[in-house]
1. Which order do peptides 225-234, 63-72 fall in by mean Cβ count within 10 Å, highest first?
2. Could you give the nm distance between label points at His136 and Ile86, where each point is 7 Å from its Cα heading toward the beta carbon?
3. For the stretch 148-182, list residues with backbone N below 20 Å from a point placed 7 Å from the Cα of Glu108 toward its Cβ?
4. Would you list which aspartates and glutamates come within 17 Å of Lys13, measuring only between C-alpha atoms, while excluding same-chain residues fewer than 8 positions from it?
5. From the P(r) of the stretch 125-239, can you give the percent of Cα pairs sitting at distances over 22 Å?
6. For the chain, with the dipole built from +1 on Lys and Arg beta-carbon atoms and -1 on Asp and Glu ones, taken about the Cα centre, which of Asn124, Ile66, Ser184 lies farthest toward the positive end?
7. With 16 Å as the cut-off, how large is the P(r) tail for the stretch 37-90, expressed as percent of Cα-Cα pairs?
8. Let's see if you can work this out: charge +1 on each Lys and Arg Cβ, -1 on each Asp and Glu Cβ, no other charges. What is the dipole magnitude of the chain about its Cα centre, in debye to the nearest 20?
Amino acid sequence: MEKKEQLYEGKAKKVFKTDDPELLIVEYKDDATAFNGLKKGTIHGKGIINNQMSNRLMALLESEGIPTHFVKELSQRETLVKKVSIVPLEVIVRNIAAGSFAKHYGVEEGVVFDQPTIEFSYKNDALGDPLLNGYHALALKVATPEEIETIKRYSFRINDILKACWLSCGVTLVDFKLEFGRLSDGTIVLADEISPDTSRLWDSQTHEKLDKDRFRRDLGGVEEAYAEIMKRLEENMGG
Ligand code: TMP
Ligand code: ASP
């Protein structure tokens, strides 16, 4: 599949056209940002890890009946995906209080919920990705009521699948962010990526952070954490 003109460059990925109007190539970069791009840096090797991890997890989700944009890994940093129009919602599922939840509600990080939470942010960098609820999403016409229901159903199911997968790697899935898109026929599929950039992953025993919080919070050992989490997934899913 030939890589054609670049369509878009985001903070962590570039997107290219292909010969097929229904397929795109994404290329993962080592660039890292936080706080809506205020903090910038490089995490060496991150692009390779995020590409491979996201693909493995999306393949797992597909095998469990969740439709995704994933088609085929092309190289260490490049993947062929189905073209979607992104639903401009960041969907966040949480199992344990951390990050903005801990801050907003004055809860200590690490408090385990009786059941997972879900929240939406409006994907709009200029507005700083403000939180919004399902009614706001309808008012803004970013999704239909049926699409919002589908997105919620898939998100909780994805949480169950990923939680179990990470548990068998000795990792606690604290929270994560998903993005969904529409295929040309309107089908909702999981898009974007699932990686340590978009998930909080703690060692189950020590609670050591093995994700992008090491970069966001200047904890050091960023590259080592990405390598460690990838190694655990590979050992668990088979090399
Ligand atoms: P938060 O606690 O900062 O709201 O983050 C919740 C989860 O979402 C965490 O796993 C990191 C992820 N996330 C992104 O993937 N992109 C973002 O822009 C933000 C703010 C969070
Ligand atoms: N990716 C987001 C940004 O640059 C934030 C984050 O992951 O913390 O701003």
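Readers should treat all values here as calculations from the given coordinates under stated rules, not as data from a laboratory. Just so we're clear, the structure is a prediction, and the values are computed from it rather than from any experiment. Cβ coordinates were reconstructed from backbone atoms using ideal geometry, including for glycine residues, and neighbour counts include every protein chain displayed.
1. Order by mean packing, descending: 225-234, 63-72.
2. 1.8 nm
3. The answer is 172-175, whose backbone nitrogens lie closer than 20 Å to the label point.
4. Filter leaves Glu5, Glu27, Asp30, Asp31, Glu73, Glu78, Glu90, Asp125, Glu179, Asp192, Glu193, Asp197.
5. So the portion of pairs separated by more than 22 Å is 45 percent.
6. Among Asn124, Ile66, Ser184, the one farthest towards the positive end of the dipole of the chain is Asn124.
7. Roughly 55 percent, rounded to a whole number.
8. 340 debye
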